[in-house]
Amino acid sequence: RKEMINKDRTDLSLARQCKLLKVSRSSLYYVPVGFDAETLELMSEIDRIFTKFPFLAAVK
């Protein structure tokens with residue numbers, strides 16, 4: 001739905017378009033932040049451990 005919003009449209013404001021499509025206005029301006037090198041390294045290590053020892057995972 002967010003892709004349907006046209007920021008260049010003059011007959012419908014962004015607020016109105018968001019309301020009609022049931023999209024929050026703040027989501028239009030959200031820019032995802034990437035992970036830093038340390039976090040990526042940690043995620044990779046966790047993945048390696050889980051792949052090697054899947055039976056050690058916590059049971060829900």
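Each value in this text was obtained by applying a stated rule to the coordinates, not by laboratory testing. Small disclaimer: the values here were computed from a predicted structure and weren't measured. Cβ placement follows ideal geometry from the backbone for every residue including glycine, while neighbour counts extend to all protein chains displayed.
Quick one: how many residues across the range 1-15 are over 19 Å from the mean Cα position of the chain (by Cα) and either surrounded by 10 or more Cβ atoms within 10 Å (Cβ to Cβ) or not basic (Lys, Arg) (or both)?
Matching residues across the range 1-15 total 9.
So, in the range 16-43, exactly how many residues are loosely packed, with under 10 Cβ neighbours inside 10 Å and not in a loop (DSSP other than H, G, I, E, B)?
Looking only at that region, the number is 4.
Can you find even one residue in the range 47-59 that is within 17 Å of the chain's Cα centre (by Cα) and of a type outside the set (Val, Ile, Thr)?
no
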